[in-house]
Amino acid sequence: MEFQKKPRLTPNEIRLLILIGFVAVIVASVLIGVNIGLSRSVQGGGEFFVAWQGARGLLLDLVVRVVNFFENLPNFLRNSTASTTSQPGIANPYTVLVANQTQQLVYGRAAQPGENPYFLTIPLSLLPFYFPFALIADPLTARGLWLILNEGALVATVVLVVRLIEWSPRRLFLIVFFLLSIFSFYSVSALIDGTPAILLCLLYFGILYALQNQQDELAGALMALAFFRWEVGLFFLTLVVWRVYFEKRFGVFYGFGMLTIVLLIVSFLMNPGWVIPFLQSSLTDLRADYGFTSISILLRLWPAFNMHFIWIIPVSLILLLGFEWYASRGRDFHHFIWTCCITLAITPLIGFRTDLSNLVVLFPGLALIFATVVERWRHGYWLDGLLYLIVLFLPWGFFIRSVIFQSQFYQDLLSVFFPIFLSASLYWTRWWFIRPPRTWLDHVRSSRP
């Protein structure tokens, strides 16, 4: 059997590859320069800085310990009892010092009441994810690179969701949807604050995509990485676990367990006593007065409500989620995707304290709404355009008025608008998204090749 040699590249092909590489380098350089410039000119980034501070301290401590080990290795091999270098203490990223350094970077002073104190609440098993950024000594440069990573994650999430729901929008609408994913108020807020919620959003829908494609071990591994923010994804991950257990897809648990064990072993090798300081830091952050809760906002918007009566709303929402979870049991995957999106949308309204930047995880639910409107209404793209303008401009309007008039009212509207809008819109399109075609015309359209 004769093997044909791969033909050599022609001069034109070589020039084209060189041109593509040159353009890619220019685009990458511009993106890096622009994002580092934004990092230096726009205040914020506290959620990134606190993780960067903790990861850098831990990384430098590991380097010192390794250097000292090799320096003392000859003495150890000669059974020498003398130690030429004292052993350093193990760095604790959950100290108040890390929070104070972050407050100085963000505010230029100590945090005031109502401001985020930036206590580190990321488990040590996930903190090594920040090690590549911790290698950079300048925090503002590191933040600029973090911005690029998160912008890419937003675009990747849009691609993933569009494939997940099997939607093929017009090219122009897809482009403006990409722009919405980056320039909506909640995306910009997440980018400025440096929250890991953007990457969590990508992980959440990566889990769904892996489950849809029968890649159970990959889905479990992604779940092991999705514990940066419990208040964002607690109900979502619980729903996924419930669905996986109901379908007896134990490969998900194997993938989750294997990666979790590896991460925990590495974390305990780095710092055997990290669990107690982590829990203390998380509890201190939980007691801090910042962010918002749906309960406090409802009491401010409707002062006539009694405190005991207002809890009926979160309890009702939890019961509603329970009903939707039960209704999705054994149904097709489209129904499960819709249930996941409504779970993410309702979670901020249940009463957990959260932050505006965390609301970015709700964004993929818009794809379900836009896709359903286009497929079920004759002038769907015009209606999508109206919804698009509402989602894009109304939150920015609330934000501008809250800044100009120093109004808590508009700040509260900004906090609850997106969850309420998305929840109402998802229920508006629920029938058409999760049900088979009902009309004769829909049956004809669906039967066409």
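The values are calculated or read from the model by the stated rules, or taken from the named source; none is laboratory data. Note that the structure is predicted; figures quoted are calculated from it, not measured. As a convention, Cβ positions derive from the backbone with ideal geometry for all residues, glycine included, and neighbour counts pool all protein chains shown.
Any residue at all in region 361-378 that's in contact (Cβ under 8 Å) with a residue 24 or more places away in the chain, among the acidic types (Asp, Glu) and farther than 30 Å from residue 182 by Cβ?
no
Which one of these is out of contact with any Leu (no Cβ under 7 Å at 6 or more places or on another chain) and either buried (at least 21 other Cβ atoms within 10 Å of the Cβ) or modelled with pLDDT of 90 or more (or both): 349, 283? Give the derivation first.
Numbers: 349 fails: out of contact with any Leu (no Cβ under 7 Å at 6 or more places or on another chain).
Going through 349, 283 in turn, the sole match is 283.
With respect to the conditions (1) surrounded by 15 or more Cβ atoms within 10 Å (Cβ to Cβ); (2) out of contact with any helix residue (DSSP H, G or I) (no Cβ under 7 Å at 6 or more places or on another chain), residue 316 falls short on a single one, namely (1). Taking region 310-404 and the helices (runs of 4 or more DSSP H) fully enclosed by it, the elements with 1 or more residues that are farther than 24 Å from residue 201 by Cα and touching a Lys or Arg at 6+ places or on another chain (Cβ under 8 Å) are at 380-404.
The set of residues from region 117-126 being touching a Gly at 6+ places or on another chain (Cβ under 6 Å) and either assigned to a helix (DSSP H, G or I) or of a type outside the set (Phe, Trp, Tyr) (or both) comprises just one member, 120. Put simply, of 157, 121 the only residue that is buried (at least 19 other Cβ atoms within 10 Å of the Cβ) and touching a Cys at 6+ places or on another chain (Cβ under 7 Å) is 157.
Does region 161-182 include one or more residues that are crowded, with 23+ Cβ neighbours inside 10 Å and small (Gly, Ala, Ser)? Scanning region 161-182, I find at least one residue that is crowded, with 23+ Cβ neighbours inside 10 Å and small (Gly, Ala, Ser), so the answer is yes.
The number of residues in region 219-238 that are modelled with pLDDT of 90 or more, surrounded by 19 or more Cβ atoms within 10 Å (Cβ to Cβ) and more than 15 Å from residue 341 (Cβ to Cβ) comes to 8. Name the pairs whose Cβ atoms lie under 8 Å apart, with the first residue in region 106-132 and on the phi > 0 side of the Ramachandran plot, the second in a loop (DSSP other than H, G, I, E, B), and 6 or more positions between them or separate chains? Between residues of region 106-132 that are on the phi > 0 side of the Ramachandran plot and residues that are in a loop (DSSP other than H, G, I, E, B), the close pairs are 114/289; 114/290; 118/111.
Looking only at residues in region 153-184 that are part of a helix (DSSP H, G or I), of a type in the set (Val, Ile, Thr) and in contact (Cβ under 8 Å) with a residue 24 or more places away in the chain, the one that is nearest to residue 413 (Cα to Cα) is 182.
Scanning region 237-286 for residues that are of a type in the set (Gly, Ala, Ser) and closer than 30 Å to residue 326 by Cα returns 251, 255, 257.
Scan 150, 100 and give me the residue that is assigned to a helix (DSSP H, G or I), out of contact with any His (no Cβ under 6 Å at 6 or more places or on another chain) and surrounded by fewer than 21 Cβ atoms within 10 Å (Cβ to Cβ). Full working, then the answer.
Working: 150 fails: surrounded by fewer than 21 Cβ atoms within 10 Å (Cβ to Cβ).
After ruling out the rest, the residue left standing is 100.
Restricting the first member to region 185-212 and to residues that are closer than 21 Å to residue 166 by Cβ and in contact (Cβ under 8 Å) with a residue 12 or more places away in the chain, and the second to residues that are in a helix (DSSP H, G or I) and of a type in the set (Asp, Glu), the beta-carbon pairs closer than 8 Å and six or more apart or on different chains are 210/216.
Pick out the one residue from 403, 416, 373 that is β-branched (Val, Ile, Thr) and surrounded by 21 or more Cβ atoms within 10 Å (Cβ to Cβ).
Numbers: 403 fails: surrounded by 21 or more Cβ atoms within 10 Å (Cβ to Cβ); 416 fails: surrounded by 21 or more Cβ atoms within 10 Å (Cβ to Cβ).
That would be 373, the only listed residue that is β-branched (Val, Ile, Thr) and surrounded by 21 or more Cβ atoms within 10 Å (Cβ to Cβ).
Across region 191-214, which residue is surrounded by the fewest Cβ atoms within 10 Å (Cβ to Cβ) among those that are among the small types (Gly, Ala, Ser) and assigned to a helix (DSSP H, G or I)? Before you say what the answer is, go through the steps one by one.
Start the filter on region 191-214 by keeping residues that are among the small types (Gly, Ala, Ser), which leaves 194, 197, 206, 210.
From what is left, the residues that are assigned to a helix (DSSP H, G or I) are 197, 206, 210.
On the way: 197: 27, 206: 23, 210: 20.
Result: 210.
Where helices (runs of 4 or more DSSP H) fall entirely within region 215-299, those with at least 2 residues that are in contact (Cβ under 8 Å) with a residue 60 or more places away in the chain are at 230-246, 251-270, 275-287.
Scanning region 262-297 for residues that are among the hydroxyl-bearing types (Ser, Thr, Tyr) and under 21 Å from residue 60 (Cβ atoms) returns 267, 281.
Among the residues making up region 126-175, those that are of a type in the set (S, T, N, Q) and modelled with pLDDT of 90 or more are 141, 150, 157.
With respect to (1) in contact (Cβ under 8 Å) with a residue 24 or more places away in the chain; (2) more than 26 Å from the chain's Cα centre (by Cα); (3) in a helix (DSSP H, G or I); (4) more than 27 Å from residue 287 (Cβ to Cβ), the lone exception for residue 409 is condition (4).
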